[in-house]
Amino acid sequence: MTYDRYPKATLEAWDDQHVWHPFTPHSLYRDESPLLVVAGDGNYVIDHEGRRYLDGVASLWCNAFGHRHPHLDAALRAQMERIAHATMLGNATEPAIILAKRLADLAPEGLRRVFYSDNGSTAVEIALKMAYQLRVQHPDPAQQRKTRFIALRNAYNGDTIGSVSVGGIDLFHGKFKALLFDVLHGPSPYCYRCPLGKERRTCGTACLEQTLQLIEDHASEVTAVILETGMQGAAGILPLPEGFLRRVREVTRRHDVLLILDEVATGCGRSGTFFACAQEDVAPDFLCVAKMLTGGYLPLAATLTTEQVFRGFLGAASEARTFYHGHTFTGNPLGAAVALAALDLHEREDGAGDLGAKIAHLQHALSRLHGIPGVGDVRAYGLCAGIELVHDRATKTPFTADRRAGMRVCLRAREHGIFLRPLGDVIVLMPPLSITLDEIDHLVDGLAASLREELRDAT
Ligand SMILES: *Cc1c(COP(=O)(O)O)cnc(C)c1O
């Protein structure tokens, strides 16, 4: 393996001059010395100098079984020997057919149809457009009036304009307000900074009751509710209260409102079950998966839905009920082939190993962070965690934005051989499912050391 085809300085200069990085203020980018990754090996990424870092955020939440996994690599090579891409518009391809069948067999009751796209944002966009078109082309005028959506504050469902419309994070979404369609928002269902000003101990679930009320009040004009299953990820790993999803499902069913679940972050094993909605025994009308679907190898996403929704799009050509949506690389055979191999690993004992034991181990290890100056709320969901940094724990006073406390801690963690990427001042731990128990300890203890070194002025 050579790391020196171009000198690091040349690559860094070209990166600075020509590349526009996502979700990154370029004015600060150089100070925050981006890791120049040239290779991966299991749960580690390797930089230009050959240094190894534990991939603490699974290369942005998507790597499931480690880098360069032999089974995934082999599946990809085998598919390349056949064909890299063929369209699904008018054609069918073998891997996409088999993947749809296997996803439908794994999915909760009723989800039998799979619509492919390339990423989480498009998977959500497709569910929104289907839920809308289904109603507007319905013969019943009462159905035609059901065209609005209900979402939650703090939601994140991607960066395309439709998925931004149902989003609720002001920093990301606020500036686009005039471009977005009008969505009804329920409160963010998380207690640490209660949007209703309630005390966690005395509240019960006021946020849930408000959301259920919103559904009941607006049922005649609403086509669907969209939720991130299990937790609001990009908002800072905010777990939903237990039972939240189940209650929303009951009320949506009662009022003929569809339920769209965004499992882009929490699906494909992150929660401990393959689909996160299985944790509450809920079957939605739309289920969106992306990030870990291919084990983190290639961009492929799927929107699963029911035969009932599918039938709303059937009819003679002259009726024009077709879903006129598709992407050039919809159902790409390489992506589908590697997703099939990832499903094999989910089914094999030596794939991710004992996920339940890993989740318990991580949640136990997190208790070692309590009491470190600067550590506020510590939140966990499945095999991931969010550690909220605050300048003063007693008053929950945040750090100033310019301090870049989250980013500074993540930079420090590199000295402990760990790669992390924060969400503002929330440190995210979202390792590959293949992380070992020892590596979980290294991740948490390395973070603890980084926090102690970096946040000396915090209390
Ligand atoms: C990452 C994410 C998305 C967007 O997925 P992309 O592949 O980045 O477009 C949507 N929803 C959730 C919950 C996510 O975490």
- Query: Suppose every K and R has +1 on its Cβ and every D and E has -1 on its Cβ; what is the size of the dipole of the stretch 74-347 about the Cα centre, in Debye to the nearest 20?
  - Reply: 300
- Query: Which ³J(HN,Hα) values in Hz, rounded to whole numbers, follow from the phi angles of the stretch 281-292 under the Karplus curve 6.51 cos²θ - 1.76 cosθ + 1.60, where θ = phi - 60° and Gly and Pro get x?
  - Reply: 6, 10, 10, x, 8, 9, 9, 10, 10, 7, 2, 8
- Note: Val136 to Ala78 extended length (0.36 nm per residue) minus current alpha-carbon separation gives 16.5 nm
- Message: Of Gln79, Tyr53, His67, which is farthest towards the positive pole of the stretch 31-91's charge dipole, taken about the Cα centre with +1 and -1 on the beta-carbons of Lys, Arg and Asp, Glu respectively?
- Response: Gln79
- Message: For a quick check of your reading of the filter: which trypsin sites (Lys or Arg not before Pro) in the stretch 22-127 sit in a DSSP loop and have no more than 15 other Cβ atoms within 10 Å?
- Response: Arg30, Arg51, Arg68, Arg82
- Task: May I ask you to sort Glu349, Glu280 by Cβ crowding, counting other Cβ atoms within 10 Å and putting the fewest first?
- Result: Glu349, Glu280
- Query: Hey, fewest Cβ within 10 Å first, where do Trp61, Trp14, Trp20 land in order?
  - Reply: Trp20, Trp14, Trp61
- Mean Kyte-Doolittle of at least -0.5 plus a Cα span of 20 Å or more along the axis: flag which DSSP H helices in the chain meet both, please. 120-136, 333-347, 437-454
- Loop-located trypsin sites (Lys or Arg not before Pro) in the stretch 385-458 whose Cβ has at most 14 other Cβ within 10 Å (DSSP): Lys396, Arg456
- Return, for the Cα atoms of the chain, the radius of gyration and Dmax in Å, separated by a comma. 22.3, 70
- Compute the separation of the alpha-carbon centres of the stretch 420-459 and the stretch 352-386 and state it in Å as a whole number. 10
- What residues have an amide H closer than 5 Å to that of Asn154, excluding those fewer than 5 places away on the same chain, when H is modeled at 1.01 Å from N in the peptide plane? Gly168, Ile169
- Query: Which of Lys358/Lys396; Lys101/Lys291; Lys101/Lys129; Lys129/Lys358 have a Cα-Cα distance over 26 Å?
  - Reply: Lys358/Lys396; Lys129/Lys358
- Other-chain or far-sequence residues with amide H under 5 Å of Val375's (modelled H): Val390
- Note on the chain, DSSP bridge orientation, antiparallel percent to nearest 5 equals 65
- Note on the structure: Helix-only [θ] at 222 nm, the chain, -39500 (n - 2.57) per DSSP H run of 4+, per residue, nearest 500, equals -10000 deg cm²/dmol
- What does the charge add up to near Ser367, with Lys and Arg as +1, Asp and Glu as -1, over the other residues with Cβ less than 14 Å from its Cβ? -1
- Sum up the charges of everything whose Cβ sits under 10 Å from the Cβ of Ser59, counting Lys and Arg as +1 and Asp and Glu as -1, but leave Ser59 out. +1
- Query: Normalised by the residues of the chain, what does the relative contact order come to in percent, with Cα pairs under 8 Å and at least six apart?
  - Reply: 20
- Item | Residues Asp140, Asp15 arranged by fewest to most Cβ contacts within 10 Å | Asp140, Asp15
- Message: Using Cα-Cα distances under 8 Å and only pairs 6 or more residues apart, what relative contact order does the stretch 1-125 have, in percent?
- Response: 13
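Taken together, the values in this text are just the output of simple stated rules run on the coordinates, not laboratory data. All values derive from a computational prediction rather than experimental measurement. Every residue, glycine as well, gets a Cβ built from its backbone with ideal geometry; the counts of neighbours run over all protein chains shown.
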